[in-house]
Amino acid sequence: MSSIESGSHGPRIVGTPSPAVVGQWDGRWADEAGTAAFAQRLAASPAIANATITLAGDLGAGKTTFVRHLLRALGVTGRIKSPTYAVVEPHRAEAGPHGPLSAWHFDFYRFGDPREWEDAGFRELFASPGLKLVEWPERAAGLMSAVDAALSIGPEETPGDDPEAIDGPRQVTMQAFTDTGRRLLAALNA
């Protein structure tokens, strides 16, 4: 079980408690259409507008594909690219299901120096209103503010299937840690 799946986000600052799981959704994405449908259900929840969601999964698991579908469902237009080299990509939806919305897609895969956190203004971004989607959150352990929900994506392992197949089915788990996360889970169960 990964640190995200267990609700433990790696090494902590002394005294930082583990977030308590207040709800969980387990499911499957049969294909990219399933990913898009999941994103649409999350986008329908007003709680998404100010949520912080971490994304866990190996390279190629579908994290960025999910983010693209979610941002499109929220009304973001234009190019949506992976922030792997930039660390963060800002997005803005002028007209979507919840009105104007700011969103940031973080990818801490290459993040290595906690001083970058302050230098890049991440503290201010996480404190501002809007949606925060965070890939590789364990690389910023102890620096991020409260996480509302953690989404874990992995290949579905069935006999005869190639678990490394990029376009194969995915097992998906979403854990909620806050009331905002609980409202997101409610949208998935609606």
### Query
Could you count how many residues in the range 161-171 are modelled with pLDDT of 60 or more and surrounded by fewer than 20 Cβ atoms within 10 Å (Cβ to Cβ)?
4
### Message
Would you confirm, using the coordinates I've provided, whether Ala141 is over 13 Å from the mean Cα position of the chain (by Cα) and either under 19 Å from Phe38 (Cβ atoms) or buried (at least 17 other Cβ atoms within 10 Å of the Cβ) (or both)?
### Response
yes
## Note on the structure
Going through (1) out of contact with any Leu (no Cβ under 9 Å at 6 or more places or on another chain); (2) free of Cβ contacts under 8 Å to residues at least 40 places away in the same chain; (3) of a type in the set (Gly, Ala, Ser); (4) at positive phi one by one, Ala37 fails only at (4)
### Query
Would it be correct to say that Thr52 is crowded, with 22+ Cβ neighbours inside 10 Å and of a type in the set (Ser, Thr, Tyr)?
yes
### Query
When you look at Ala176, is it more than 24 Å from Gln40 (Cα to Cα), surrounded by 15 or more Cβ atoms within 10 Å (Cβ to Cβ) and either at pLDDT 95 or above or under 16 Å from the mean Cα position of the chain (by Cα) (or both), yes or no?
no
### Query
Say we look at the range 55-89 and pick out the residues that are over 14 Å from the mean Cα position of the chain (by Cα) and either under 15 Å from Gly99 (Cα atoms) or of a type in the set (Phe, Trp, Tyr) (or both); which of these is surrounded by the fewest Cβ atoms within 10 Å (Cβ to Cβ)?
Tyr85
### Task
State the number of residues belonging to the range 108-135 that are touching a residue at least 40 places away in the same chain (Cβ under 8 Å) and either in contact with a Lys or Arg (Cβ under 9 Å, 6 or more places away or on another chain) or of a type in the set (Gly, Ala, Ser) (or both).
4
### Task
Look at Ala37 and say whether it is touching a His at 6+ places or on another chain (Cβ under 7 Å), part of a helix (DSSP H, G or I) and at pLDDT 95 or above.
no
### Query
In the list Ala61, Ala51, Ala37, which residue meets the criterion of being among the small types (Gly, Ala, Ser) and more than 16 Å from Ala150 (Cα to Cα)?
Ala37
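The values are calculated or read from the model by the stated rules, or taken from the named source; none is laboratory data. Just so we're clear, the structure is a prediction, and the values are computed from it rather than from any experiment. All Cβ positions, even for glycine, are placed from backbone atoms using ideal geometry, and neighbour counts span all protein chains on display.
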